[in-house]
Amino acid sequence: MAILDDIYNATFKGNYKDIDGLVKKAVGDGINVHDIVNKALSAAMLEVGDKFGSGELYMPDMLLSAKAMKEAMEVLKPLIKGDSVLVEKGTVVIGTVKGDLHDIGKNLVITMAEGQGFKVIDLGIDTDYPKFVDAIKEHAPQIVAFSGLLTTTLANIPDHIKAIKDAGLRNKVVLAVGGAPVTRDFADRYGIEIYADDAASAAKEFIKVVQK
Ligand code: B12
């Protein structure tokens, strides 16, 4: 679809000034919001990452594409919130792991979880271990979710879990993890119950927890 291609290209090229108009046009044309996110925005970010990895794009390019994606999500967020049926309320505490500043994926997970009726406590980026522990004590969530995009800082996951265990809170929460380099195997290695490779699937997994 031409408009999805235009959104893909604007995101890939970091044309953040064009993105608002393009996304509004796509919505006006009746294009499915999830197609805009998955087929255009997320797909473009994947290509940006690949090209960054192979040295064809640089840090400023990634930043511009990230800005374009954020602008697009400002338009889409209210629509995503409105389009799902509220199943049952639960609470999710989520943060990007210590040392990691990526938050686009985490914010998408938040949007989708809120869309499913969850209260989400967002601890932000570069989240130190005690912040998760304090948030569990304060908010009594059913689910604690880690987002991680860097292989190096995902190595902090065992310490995150240890802090929760040491506080005697591990059996009170279901853990979730995700982010581009994360796999089901990675989650299994650390006894993390939920893994999902996109935000919509993450929200579906959260629903299963509160329905049990
Ligand atoms: C945008 C971006 C940036 C932006 C971040 C802006 C921001 N506000 O987030 C900036 C420019 C700041 C940045 C910086 C860096 N980045 Co960067 N970045 C990216 C890029 C291009 C896209 C990430 C993204 O937003 N994707 C789109 C979202 C929607 O996808 P996602 O995050 O994967 O999330 C989805 C799923 O994974 C899942 N999900 C996410 N979180 C969770 C949580 C749970 C619980 C669940 C269930 C699911 C889930 O749902 C999401 C939605 O579908 C990736 C490339 C890539 N392929 O990922 C590189 C990438 C992640 N970055 C990389 C690197 C190396 C860096 C830097 C170290 C670069 C440098 N030399 O300084 C710094 C690190 C800074 C730091 N300390 O964190 C590498 C990481 C390599 C690795 N495996 O370790 C990548 C893969 C690029 C590459 N190919 O080399 N980056």
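Listed conditions (1) over 24 Å from residue 16 (Cα atoms); (2) modelled with pLDDT under 90; (3) open to solvent by 30 Å² or more (accessible area, probe 1.4 Å); (4) among the small types (Gly, Ala, Ser) are all met by residue 53, apart from (1).
If I ask for residues that are near the ligand (Cβ under 8 Å from one of its atoms) and either over 30 Å from residue 48 (Cβ atoms) or without any contact (Cβ under 8 Å) to a residue 60 or more places away in the chain (or both), which ones from segment 191-212 would you list? Residues satisfying the conditions are 194, 195, 196, 197, 201, 205.
Taking segment 147-172 as the range and being out of contact with any helix residue (DSSP H, G or I) (no Cβ under 6 Å at 6 or more places or on another chain), within 9 Å of the ligand (Cβ to nearest atom) and not β-branched (Val, Ile, Thr) as the test, the residues that pass are 149, 150, 154. Applying the set (1) more than 8 Å from the ligand (Cβ to nearest atom); (2) in a loop (DSSP other than H, G, I, E, B); (3) not polar (S, T, N, Q) to residue 101 leaves exactly one unmet item: (1). Of the residues screened, residue 182 is not one that is open to solvent by less than 30 Å² (accessible area, probe 1.4 Å), free of Cβ contacts under 8 Å to residues at least 40 places away in the same chain, out of contact with any Phe, Trp or Tyr (no Cβ under 6 Å at 6 or more places or on another chain) and over 20 Å from residue 49 (Cβ atoms). May I ask you to verify whether residue 89 is surrounded by fewer than 17 Cβ atoms within 10 Å (Cβ to Cβ) and at pLDDT below 95? Yes; evaluated as a whole, the condition is true for this residue.
Listed here are the residues, each with its yes/no results for (1) within 11 Å of the ligand (Cβ to nearest atom); (2) part of a loop (DSSP other than H, G, I, E, B); (3) of a type in the set (A, V, I, L, M); (4) more than 11 Å from residue 72 (Cα to Cα).
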{"site": "9", "(1), (2), (3), (4)": "no, no, no, yes"}
{"site": "12", "(1), (2), (3), (4)": "yes, no, no, yes"}
{"site": "22", "(1), (2), (3), (4)": "no, no, yes, no"}
{"site": "30", "(1), (2), (3), (4)": "no, yes, no, yes"}
{"site": "34", "(1), (2), (3), (4)": "yes, no, no, yes"}
{"site": "47", "(1), (2), (3), (4)": "yes, no, no, yes"}
{"site": "51", "(1), (2), (3), (4)": "yes, no, no, yes"}
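Within segment 92-104, the set of residues being crowded, with 22+ Cβ neighbours inside 10 Å and out of contact with any Ser or Thr (no Cβ under 6 Å at 6 or more places or on another chain) comprises 92, 93, 94. Restricting attention to segment 174-190 and to residues that are part of a loop (DSSP other than H, G, I, E, B) and under 16 Å from residue 202 (Cβ atoms), the residue that is farthest from the ligand (Cβ to nearest atom) turns out to be 183.
Residues satisfying the criterion are absent from segment 126-145 (criterion: assigned to a strand (DSSP E or B), open to solvent by 30 Å² or more (accessible area, probe 1.4 Å) and either within 11 Å of the ligand (Cβ to nearest atom) or in contact (Cβ under 8 Å) with a residue 40 or more places away in the chain (or both)).
Every condition in (1) out of contact with any strand residue (DSSP E or B) (no Cβ under 6 Å at 6 or more places or on another chain); (2) modelled with pLDDT of 90 or more is met by residue 146 except one, and the failing one is (1).
The values are calculated or read from the model by the stated rules, or taken from the named source; none is laboratory data. Note that the structure is predicted; figures quoted are calculated from it, not measured. In this analysis, Cβ positions are derived from the backbone assuming ideal geometry, glycine residues included, and neighbour counts consider all displayed protein chains. Remember, those area values only see protein heavy atoms, side chains included, never the ligands or the DNA or RNA. Shrake-Rupley method; radii C 1.70, N 1.55, O 1.52, S 1.80 Å.
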